[in-house]
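The values are calculated or read from the model by the stated rules, or taken from the named source; none is laboratory data. The structure displayed is predicted, hence computed values, not measured ones. Every residue, glycine among them, receives a Cβ derived from its backbone with ideal geometry; neighbour counts consider all protein chains shown. Please note that ligands, DNA and RNA were not included when accessible areas were found on the heavy atoms of the full protein model with its side chains. Shrake-Rupley method; radii C 1.70, N 1.55, O 1.52, S 1.80 Å.
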Amino acid sequence: MSTVKPYHDIPGTTIFDFDMANKGYHLNQFAMSLMKAENRERFKAEERAYLDEWAMTEEQKQSVLARDYNWMMSLGGNVYFLAKIFSTDGLSFQAAAASMTGMTQEEYAQMMLEGGRTPVGNLYKKESQ
Amino acid sequence: MAKITAGVATSHVPAIGVAIDLGKTEQPYWKPVFAGYEYVKEWIKEQKPDVIFLVYNDHATAFDLSMIPTFAIGCAPEFKPADEGWGARPVPVVKGHPVLAAHITQSLIQDNFDLTIVNEMDVDHGLTVPLSLVFGQVEEWPCLIIPFAVNVVIYPPPSGQRCYDLGKALRKAIESFPEDLNVQVWGTGGMSHQLQGPRAGLINKEFDNEFLDRLIAEPAELAKEPHIRYVREAGSEGVELVMWLIMRGALEDDIEVKQRFYHVPASNTAVGHLVLENSSHSAGV
C-alpha cells in the first residue's frame, strides 16, 4: 500500500513525513548535537571537520555550509532541528524564516506586521503559479 | 474527588518567552500581545488550580529522531527547563504530580490510549511559555504540572478526532482520582503559522477565527477536520492546533468563555488564547 500524501500540492512547503525523516536522519541528528555548548564550539571552530564526523551525504554537508535552509529541507532537514544551526549562528527564527522566502528580514518582518502572508493564492500550487 | 474546572488555550511562541525574559513586554511590538493575557493573570489567582495537565509539543528538544512518541506523559516529580541552544530560560523547575500522572496513565491505557511514559525529560518553550504568560515571572510555579507531549514534528501527528477522544478519556481519568484536587487542562501551540520554505509567514485569520468559534461551539464536528486542512490553510506548523482539542475534549460540552483573544503577529505566528470554564464550575456546582 502506498502512503497517501495529499499535501504535495501545497506551494512552498515541505511536510516532514517519514520519507523526509529517513532521508534527513543524520542531518537532523547533526543539528541536534549543537544543543551542547561544547559541540557548538567545535562546529564553529572547524565546520567541515565537524560535519565529516556525521554519516551525512556530501550534498547535505554542502547545504549546511551554504546555510541554505530550503536546500537542507529538500534533503530531509526539519526546521525544529535546523533551528539548532541558526541558533548557533545567533540568528532568530524570524531571520531564518525570512531567508527561506527570498525576502530580506526587514521585508519579512514588515509582512508579518501587516498581517502575514495571505492565504489567498497560497493554498494550492495551481493557484500560485 | 479531583475535578476539572477549566481549560486554557494559548500559543507558545518562543519569542514571547524571550520578550518576557528580557523585560520587553512594554515595548510597542509586544504590548498588544501581553494585553490579551491580563485577564488570565488575574483569573488564575482566583482559580488557584492544584494541578495543570499541560498539553504541548516538544520541538526537537527532549526527543530527537532516535525516539518520537506520539503521546508522552511526564510522570516524574520534576522537569527542568531545557537548554534549547541558547541557554535554559530563567524560569522555575516544573514540579510534577507522579501519583496523579500514574493514575491518569493507567486509566488512559485501560481506555485504549497507549501512552509513552517519560520519567526523565527537560521541557522546552512549548511548556514554559504558556506558564510564563499566565503566571508571569515567579520564583516557583504556584501549582503542580503534568507535562503531556504530543508529536506534531513528524507527519502525521495524531488526528483531531484522536486528540478530542483522548481529552474525553482524560476527563474520566482525572475525575476518578480520589483526592480533592482542582485540575485545569491546558492546550497549547498554534495558531496559524508556517516557519519553513518559501511560504513561511502564512497567516490565516479566517481559519483561526473559525477554529476558535468551532472549538467553543461544536468541537465534536471540528474534531473531524483532517490534517490536510490544517497544514494547507493554517501552515505546516499550524497543525499544532490539534492539541487544543485534547483540552476541549476534557471539558464539559457546556462551557463559559471567559476570555478570547487573537493577535497577529508574534514573530512568525498568529497568537490565540482562550479561557474556558466548565459551566458547572462557573455556576458553583
Original post:
Could you give the dipole magnitude of segment A:1-68 about its Cα centre, charging the beta-carbon of Lys and Arg +1 and that of Asp and Glu -1, in debye to the nearest 20?
Top reply: 160 debye
Subject >> Residues of segment B:240-284 buried by at least 50 Å² on assembly (accessible area, 1.4 Å probe, chain alone as reference) >> reply: B:268
Original post:
Pick from B:239, B:153, B:129: which residue has the top mean-square fluctuation in a GNM of chain B where Cα pairs under 10 Å get a spring?
Top reply: B:153
Original post:
About its Cα centre, how strong a charge dipole does the protein assembly as shown have in debye, to the nearest 20, once Lys and Arg get +1 and Asp and Glu get -1 at the Cβ?
Top reply: 400 debye
Original post:
For residue A:17 and residue A:5 in one chain, what is 0.36 nm times their gap in residues minus the Cα-Cα distance, to one decimal in nm?
Top reply: 3.4 nm
Original post:
residue B:30 accessible area, nearest 10 Å², 1.4 Å probe?
Top reply: 20 Å²
Subject >> Interface burial for B against A (accessible surface, 1.4 Å probe, total of both chains, Å², rounded to 100) >> reply: 3700 Å²
Subject >> Rounded to whole Hz, the Karplus (6.51, -1.76, 1.60) HN-Hα couplings of segment B:221-229, x for glycine and proline >> reply: 6, 4, 4, 7, 5, x, 3, 4, 5
Subject >> Distant-in-sequence amide H partners of residue B:116 (H built 1.01 Å from N, under 5 Å) >> reply: B:71, B:72, B:73
Original post:
What FRET efficiency would be calculated for the residue pair residue A:47, residue A:114, taking the C-beta separation as r and a Förster radius of 45 Å, to the nearest 0.05?
Top reply: 0.75
Subject >> segment A:59-129: Cα Rg divided by the 2.2 N^0.38 Å rule of thumb >> reply: 1.22
Original post:
Using a 1.4 Å probe, how large is the accessible area of residue B:145, given in Å² and rounded to the nearest 10?
Top reply: 0 Å²
**OP:** As a check on your grasp of the helix formula, calculate [θ] at 222 nm for chain B: sum -39500 (n - 2.57) over DSSP H runs of n ≥ 4, divide by the residue count, round to the nearest 500.
**Re:** -9500 deg cm²/dmol
Original post:
Once you put a point 7 Å from the Cα of residue B:68 and another 7 Å from the Cα of residue B:24, both along the Cβ direction, what distance in nm separates them?
Top reply: 3.0 nm
Original post:
In straight Cα distance, which lysines are under 22 Å from residue B:3, not counting same-chain residues fewer than 8 positions off?
Top reply: B:41, B:45, B:48, B:95, B:168, B:172, B:258
**OP:** Please list the non-local residues whose amide H lies under 5 Å from the amide H of residue B:192, H modeled 1.01 Å from N, same-chain partners needing a gap of 5 or more.
**Re:** B:204, B:270
**OP:** Using the Karplus curve 6.51 cos²θ - 1.76 cosθ + 1.60 with θ = phi - 60°, work out ³J(HN,Hα) for each residue of segment A:23-38 in order, rounded to whole Hz, and write x for Gly and Pro.
**Re:** 4, x, 3, 6, 4, 5, 5, 4, 4, 4, 5, 6, 6, 9, 4, 5
Original post:
Long-range amide H contacts for residue B:145: which residues qualify at under 5 Å (H placed 1.01 Å from N, peptide plane, sequence gap of 5 or more or a different chain)?
Top reply: B:52, B:95, B:96, B:97
Original post:
Calculated FRET efficiency, residue A:55 and residue B:80, Cβ-Cβ r, R0 51 Å, to nearest 0.05?
Top reply: 0.95
Original post:
When only alpha-carbon atoms count, how far does the protein assembly as shown stretch along each of its three principal axes, as whole angstroms with the largest first?
Top reply: 63, 53, 44
Original post:
For segment B:257-268, in order, what is each residue's ³J(HN,Hα) by Karplus, 6.51 cos²θ - 1.76 cosθ + 1.60 with θ = phi - 60°, in whole Hz (x at glycine and Pro)?
Top reply: 8, 8, 7, 9, 9, 8, 8, 10, x, 10, 6, 9
**OP:** Considering the options B:211, B:107, B:201, tell which one lies farthest towards the positive end of the dipole of the protein assembly as shown, charges being +1 on Lys and Arg and -1 on Asp and Glu at the Cβ, about the Cα centre.
**Re:** B:201
**OP:** Please report, in debye to the nearest 20, how large the charge dipole of segment B:235-285 is about its Cα centre when each Lys and Arg carries +1 at its beta carbon and each Asp and Glu carries -1 there.
**Re:** 180 debye
Original post:
Hey, quick one: spin label on residue B:214, modelled 7 Å out along Cα-Cβ, who in segment B:147-171 has an amide N within reach, i.e. under 18 Å?
Top reply: B:157-167
